[in-house]
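Below: the structure, in structure tokens.
The values are calculated or read from the model by the stated rules, or taken from the named source; none is laboratory data. Treat the numbers as computed from the prediction; the structure is a model and nothing was measured. Note that we place each Cβ from the backbone using ideal geometry, even for glycine, and neighbour counts take in every protein chain shown. Surface accessibility is based on the protein's heavy atoms, side chains included, excluding ligands, DNA and RNA. Shrake-Rupley method; radii C 1.70, N 1.55, O 1.52, S 1.80 Å.
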Amino acid sequence: MAKLYSEKPRSERVEKQLVPKEETIKFLLDYSKALSVIDYNKLKFEALLN
Amino acid sequence: MKRSIPTDAHYVSAYMNGDESALCELITRHKQRIYSFIYSKVFDKDIAEDIFQDTFIKVIKTLKRGAYNEEGKFLPWVMRIAHNLVIDHFRKSNRMPKFENKDDFNIFSVLSDNSLNIEKRMIKGQVESDVRRLIEELPEDQKTVLMMRIYKEMSFKEISERTGVSINTALGRMRYALINLRKVIDKHNIILTN
């Protein structure tokens, strides 16, 4: 049987089930909870409260 | 009764109104597509992880600032942010190309610079000239043996033949030469290290 020498395109080589780590998501959720934006005279200040 | 699945817009507005769990829903919904997109460009899981994180930090900041315009295009917007961050990453790595050490190979195991740097070369030169000056202070017979042994790398047999003394005498002169050098060094607190 003839062999296929062609490579798969890059996009197909990427596994379909690639997901970020749980800790990355947890970090983002915690970051979101800690971040508050304070409005002051049309200015917006970011504050990270741990 | 069929329940309709809430749209992204629904969760975005809930999040902007303070519902933190809406963000969790948005991330869970789209994490696979966004992460795969980033990974397909950078082909490195750690970098993809970093860019994914930075993407959502931007998303969170924009939403919390209320600077997001809801046009029903949440995912394309996030993808655009990720795309821009990927471009930033490549710009940065082009500016500063770096060699990544892999687990099984470390470039520094085969690369090393054994040559002395300019400071060490200067110190070495000074130490050597100091030693020369100290040797000049030795008695003539000891100095001759030491010069022949150390600088001319002659054997004690050759030294004894050249100077016309026995090997034992040559050995003894060498020994005294070293003892006297140490004495002078100790006496004057001379530091001869590199």
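Okay, here's what the table says:
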quantity	calculated
Chain B - percent relative contact order, Cα under 8 Å, separation 6 or more	15
Complex-versus-alone comparison for region B:26-56, residues with a loss of 50 Å² or more in accessible area, probe 1.4 Å	B:LYS31, B:GLN32, B:TYR35, B:PHE43, B:GLU49, B:GLN53
Reach of B:LYS102 by Cα under 28 Å, taken over lysines that are not fewer than 8 positions away in the same chain	A:LYS8, A:LYS16, A:LYS21, A:LYS26, B:LYS31, B:LYS41, B:LYS45, B:LYS92
Interface size B-A, as summed buried accessible area [1.4 Å probe, Å², nearest 100]	2300
Under 22 Å from A:LYS44, Cα to Cα: lysines that are on another chain or at least 8 residues apart	A:LYS33, B:LYS58, B:LYS61, B:LYS64
Value of D in µm² per second that Stokes-Einstein yields for chain B, Kirkwood Rh from Cα pairs, at 10 °C (1.306 mPa s)	65
Estimated inter-spin distance, A:LYS33 and B:SER155, nm [label 7 Å along Cα→Cβ]	8.2
Spatially close lysines, pair count over region B:118-187: Cα under 24 Å, gap of eight or more or interchain	9
Computed FRET value (nearest 0.05) for B:PHE90 with B:SER4, which takes r as the C-beta separation and R₀ as 41 Å	0.50
FRET efficiency, 1/(1 + (r/R0)^6) with R0 35 Å, evaluated for B:ASP54 and B:ASN17 via beta carbons	0.90
Relative pair counts by distance (%), Cα atoms of the protein assembly as shown, 10 Å bins	6, 18, 17, 11, 8, 7, 9, 12, 9, 4, 1, 0
Rounded accessible area per residue of chain B, 1.4 Å, Å²	70
Percentage relative contact order, region B:8-108, counting C-alpha pairs under 8 Å, at least six apart	28
Sulfur and carbon atoms: percent of accessible area, the protein assembly as shown [1.4 Å]	52
